[in-house]
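The values are calculated or read from the model by the stated rules, or taken from the named source; none is laboratory data. Computed from a prediction, not measured in an experiment: that's the story for all the values here. Cβ placement follows ideal geometry from the backbone for every residue including glycine, while neighbour counts extend to all protein chains displayed. When the accessible area is computed, the model is the full protein with side chains, heavy atoms only, and any ligands, DNA or RNA have been set aside. Shrake-Rupley method; radii C 1.70, N 1.55, O 1.52, S 1.80 Å.
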Number of protein chains: 2
Amino acid sequence: MDKCLLLDAGSGGRASQRLISECFVRHFANPVLATMDDAAVLDLNGPLAMSTDSYTVTPLFFPGGSIGSLAIHGTVNDVSMMGAEPRYLTCAFVLEEGLDLEILDRVVADMAHAAERSGVCIVTGDTKVVPRGACDGMFINTTGIGTLRRQPAPSGHGARPGDAVLVSGAMGDHGLTIMAAREHLSFVEGVASDSAPLNGLVAAVMEAVSEVHVLRDPTRGGLATTLNEIAQQSHVGIVLEEDRIPVHPSVAGGCSFLGLDPLYLANEGKCICIVPQEYAEAALQAMRTSEYGQEACCIGRVQDTQPGRVILRTRIGGERFLGMLEGALLPRIC
Amino acid sequence: MDKCLLLDAGSGGRASQRLISECFVRHFANPVLATMDDAAVLDLNGPLAMSTDSYTVTPLFFPGGSIGSLAIHGTVNDVSMMGAEPRYLTCAFVLEEGLDLEILDRVVADMAHAAERSGVCIVTGDTKVVPRGACDGMFINTTGIGTLRRQPAPSGHGARPGDAVLVSGAMGDHGLTIMAAREHLSFVEGVASDSAPLNGLVAAVMEAVSEVHVLRDPTRGGLATTLNEIAQQSHVGIVLEEDRIPVHPSVAGGCSFLGLDPLYLANEGKCICIVPQEYAEAALQAMRTSEYGQEACCIGRVQDTQPGRVILRTRIGGERFLGMLEGALLPRIC
C-alpha cells in the first residue's frame, strides 16, 4: 500500500479496486461483500427496521473508541431501538486526499472488530475520495437493517401515563470524552466514551418484557433532549428524579468544572427504556444481564399532566423544566 | 427559515428539529418518515438488494440534474442492477456551516421530485452539520433497498461466452457535463447529464427476458472500466465494435477537443446488459419501451478467449485492448 491516499483511489478504476481489496475487503471479509456487485443480495424477511447515520466525529480516535467503532455501534443501536435485531450494515466513506492510509486501516479494522462484536455483517459499501480541503479527514456513513421482533415496535410515540422511565447506565460519558479529547482538557481525567452495541441488551429486555413502549438512545442532545422529544411525540409529561440519574463522578466533576450539564451530553452506548410500571423491575434485571447495562436504573415516570414537558425534581426537592438543547454544545461529537 | 445554515442545526436539539420539519419532512412527506423514530419500520420480504452511495459531486447543480436528483437516481440504479425493484431509500446529509438554506431547499426538492419519479420512498435520514471548511458545501449519502425479482440475480460474475453485450444508450454524457460545468468550458456545447432512474427500463427487460446474466451501470470509470470488471469477474473476454458504441456528437466533439475517451467517462442513466444472444433483440426492444432506452443497441459479445480482457475492434478494422481506468480523470463527478 502507498502511505497516503491518492485522489485516483476514488476514480472507480484500478486504484479504487486496489484500495477496496487491500483495505475494505481484507477487514470486512464475508461472502456477500465478496461478490462485488452493485448491490448486496440479502435473504431477510420483514417487517424490518432501517436506519442511517453519518459519522463526522473529531478526533478520529478517542478514549473508548474511534470513528470506526462508533459508526458500527451507532447504527446497530438505532436499529436496536425499534426492538429489532440488527443484521446487515452498508458502509460508505468520504475520504480526503492525502489521508494517512495507516489511519484508514486502523479505522476499518475497528469497524470490522465492532461489527463482529455486534454480530452484524458489512455487506456493501462505497468510497469517494475528495481533494485536499474538501473534507476534514474522513466521514463514514453506515446504514443498517434488521428484523423486527414484534409489532407494534417500541416508538417515541408509545409512552403512557404511569410508565416507568429507565436508563441502561450513566449519562454524558461520550460527549465529555470527545470534548476533552478535542480541546486537550487535561483536567478532565478518567473519562472514556461509552460507545457500545446495545443489541444484546435490547434483546434481553424484549425477551423479558412483553410490553416495551419506548426505546431510544440519547445521543446528540443527551437525555434531556431525547426525553423532550418523547414527551412531545407521546403527548405526555415526564418527571425525573435528579438524584436517581446515574452520572459517573469523573463526568460530574468535569462537567461542573466546565459549566456543562451531563443531561445534555451525548451518549453512544446507553438507552432509555419506557415500560409499564409493573414491568420496570424485570426490564432492569434484563438490562443488567448485559455488560453494558450494569448501572441500569429507574430515573422517573410518565404522567398525564404537563404534556410535552420534562420536569426535573432536584436533589433539594424543587422542580424545574428540563428543556431541549437550544444551541450547539459541540459540533462533530458523532 | 434563516438564510444560512448554523452549526446548531446539527446539534440534535431544537434547531435540528426545525431544519428537519421545515425542509426534509416538508419535501419528503410520507407516513414512515413522519414517525421520526430512530429507524424506519418497513414491511418488505426478501430476497432483497441493498446498496449505498455517497454523493460529493461539484458543482451542486449542472445541466441535466443536481446532487439531489443524482443521489436518488444513482442508488435507485444500483439496486435496479440486481434486477430488483427499488422500494425505500435512506438519506443522510453532511452539511457545511454557512450553507445557503435556499440551496439546500432546492437540492432537497430535487430529491423529493426524483424519488417520486422513481417510485421510491425516503423513509429515514440523518443530518450532520460540520464547521466551515470541514466539508465543501454538502455531501449526501443514500442507501436503497428493494425486492429481487428472481434468483440468481444478474451479477458481474454471470457473463457467458456467446452472450450479447448491450447498452441502453449513449456513453459519456454525465462525465463530460460535469467536467464542462466545473471548468467552465464554454466550447463544450449541448451536453447534459444523463442522470435518470433505470428501474422502469430494468423492469421491462426482466419481464421480457428470462435470462439476464449481467446488469451494470457504467458510472465512475465509464463503460471501459465496468466491462473490464465484468470480464475479470466472469473470467471471459469481451469484444466491442467501436462503430456500434453510441456517443452523442456533442460528447464526441467535446472529448476530441479535450483528448478524452468517452468510454472512460461516467454515465448516470445508462446500463450495460449482457444476455444470451437469442434474447438480445427482445432485451433491446424492452429497453426501447423506456424513455431512457431509446438509443439502446448491441455493442459487442462475450468470448471464451482472452479472459479478463476487453478488446475494441476499431472503426478501421484493427483491434486494441481497452484497459481499466488507471488514474483519476476527474474527482467528484458523482
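Here is how the numbers come out for the structure above:
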quantity: Per residue solvent-accessible surface (Å²) - region B:85-125, probe of 1.4 Å; calculated: 35
quantity: At least 20 Å² accessible surface lost relative to isolated chain, residues of region B:293-334 (1.4 Å probe); calculated: B:324, B:325, B:326, B:327, B:328, B:331, B:332
quantity: Accessible surface of residue B:121 - all protein chains present, 1.4 Å probe, nearest 10 Å²; calculated: 40
quantity: Antiparallel DSSP beta bridges within the protein assembly as shown, percent to nearest 5; calculated: 75
quantity: Cβ neighbours within 10 Å from other chains - mean over B:55-67; calculated: 1
quantity: DSSP beta bridge pairing in region A:7-148, given as percent antiparallel to the nearest 5; calculated: 70
quantity: Per-residue [θ]222 nm for chain A (sum of -39500 (n - 2.57) over DSSP H runs n ≥ 4, rounded to 500); calculated: -8500 deg cm²/dmol
quantity: Against the rule of thumb 2.2 N^0.38 Å, how large the Cα Rg of chain B comes out; calculated: 1.03
quantity: Charge dipole of the protein assembly as shown about the Cα centre (unit charges at C-beta), most positive-ward option of A:120, A:196, B:171; calculated: A:120
quantity: Region A:276-317 residues near the modelled residue A:210 label - backbone nitrogen below 19 Å, point 7 Å along Cα→Cβ; calculated: A:276-286
quantity: Portion, in percent, of the accessible area of region B:1-95 that falls on carbon or sulfur, probe 1.4 Å; calculated: 56
quantity: Inter-chain Cβ neighbour average for residues B:121-127, partner chain, 10 Å; calculated: 4
quantity: For the pair B and A, total buried accessible area rounded to nearest 100 Å², probe 1.4 Å; calculated: 6000
quantity: Beta bridge orientation in chain A: antiparallel %, DSSP, nearest 5; calculated: 75
quantity: Charged-residue dipole, Cβ positions (Lys, Arg, Asp, Glu), the protein assembly as shown about Cα centre, Debye nearest 20; calculated: 160
quantity: For region A:279-334, accessible area per residue (1.4 Å probe, heavy atoms of protein chains only), Å²; calculated: 52
quantity: Charge dipole of region A:8-77 about the Cα centre (unit charges at C-beta), most positive-ward option of A:52, A:19, A:75; calculated: A:19
quantity: Dimensionless Rg over Rh [the protein assembly as shown; C-alpha; Kirkwood]; calculated: 1.00
quantity: Given A:3/B:128; A:128/B:128; B:128/B:270; A:3/A:128; A:270/B:3, the pairs whose alpha carbons are separated by over 24 Å; calculated: A:3/B:128; B:128/B:270; A:270/B:3
quantity: Nearest-20 debye value, region A:7-148 charge dipole, Cβ charges on Lys, Arg, Asp, Glu; calculated: 100
quantity: Those residues of region A:22-42 for which accessible area with every protein chain present is at least 50 Å² below the isolated value (1.4 Å probe); calculated: A:37, A:38, A:39, A:41, A:42
quantity: For region A:7-148, the fraction of alpha-carbon pairs in successive 10 Å shells from zero, as %; calculated: 12, 44, 34, 10, 0
quantity: Label 7 Å beyond Cα on the Cβ vector: residue B:294 copy-to-copy distances, nm; calculated: 6.8
quantity: Protein-protein interface of region B:139-169, residues with accessible area decrease of at least 20 Å², isolated chain reference, 1.4 Å probe; calculated: B:139, B:141, B:143, B:145, B:151, B:157
